[in-house]
Amino acid sequence: MFRRKKKDEPTDAPPAPEVADAATAEEPAAPEAPVAAPVTESAAAETSAAAGAETTSSDSAATAGAAETAGGPRKNARGNRVQKVGTVSSDKMQQTVVVRVDRLVLHPKYRRYVRRTSKFMAHDELGATVGDRVRIIETRPLSARKRWRVVEIVQKAAK
C-alpha cells in the first residue's frame, strides 16, 4: 500500500525555491477576526458580514455555486424533485387524475425488456383528460394517496 512520506525524508522533486518562501512571508496576512478575543453577538455579526462581502466580491463560478447551495437565491428553492411522464388513465375524480407510467426493465434471467407499469394519483388543475400524456412532479401529501401534481400536458389525446 501507499504510505505518507515524513517531512524529513528526501523526495525526488527539487526543493522549492526559498525566494518564494520569503515573498510569502513578507505579504501581510488577511484581516481576520482575532482568535483570543471573546466573541460577542456584534462581533459575530461583523465577522459574518465580512465573510459575506468576501463571497460576493469573488468572481469565481465555484464560489457563486456554493453560495447558491448555502441558501442564496435560486430558481427552484426546493431542489430537484422527481418528474415522470405518463398517460392519464382516469379522470373521474374532481381535480385528480390517475397517471399510468410505463418503464422498461431488463429481466434478470431472460435478458429481455419487460414493461412495468406504475399508477400515480396526481392533482390536476390543468384539465387533463383520458389519453393525455402529462408530466407529473412529486409534491407534499395532498390526500391519503395523492402525492403528485400535474405540471404540464405534454400531448393531448387524439379524438
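The criterion of at least 3 residues that are among the hydrophobic types (A, V, I, L, M, F, W, C) and in contact with a Ser or Thr (Cβ under 6 Å, 6 or more places away or on another chain) is met by none of the strands (runs of 3 or more DSSP E) wholly inside segment 75-159.
With respect to (1) surrounded by 10 or more Cβ atoms within 10 Å (Cβ to Cβ); (2) at pLDDT 95 or above, the lone exception for Y110 is condition (1). Of all the criteria given as (1) in contact (Cβ under 8 Å) with a residue 24 or more places away in the chain; (2) surrounded by fewer than 11 Cβ atoms within 10 Å (Cβ to Cβ), the one not satisfied by L104 is (1). On the stretch given as segment 134-148, residues that are touching a Lys or Arg at 6+ places or on another chain (Cβ under 9 Å) and either touching a residue at least 60 places away in the same chain (Cβ under 8 Å) or more than 10 Å from V85 (Cα to Cα) (or both) total 7.
Working only within segment 85-101, note down all residues that are touching a residue at least 40 places away in the same chain (Cβ under 8 Å) and of a type in the set (K, R).
Result: no residue meets the conditions.
The values are calculated or read from the model by the stated rules, or taken from the named source; none is laboratory data. This one's a predicted model, so the numbers in the text were calculated from it and none came from an experiment. Virtual Cβ from ideal backbone geometry, glycine too; neighbours counted across all protein chains shown.
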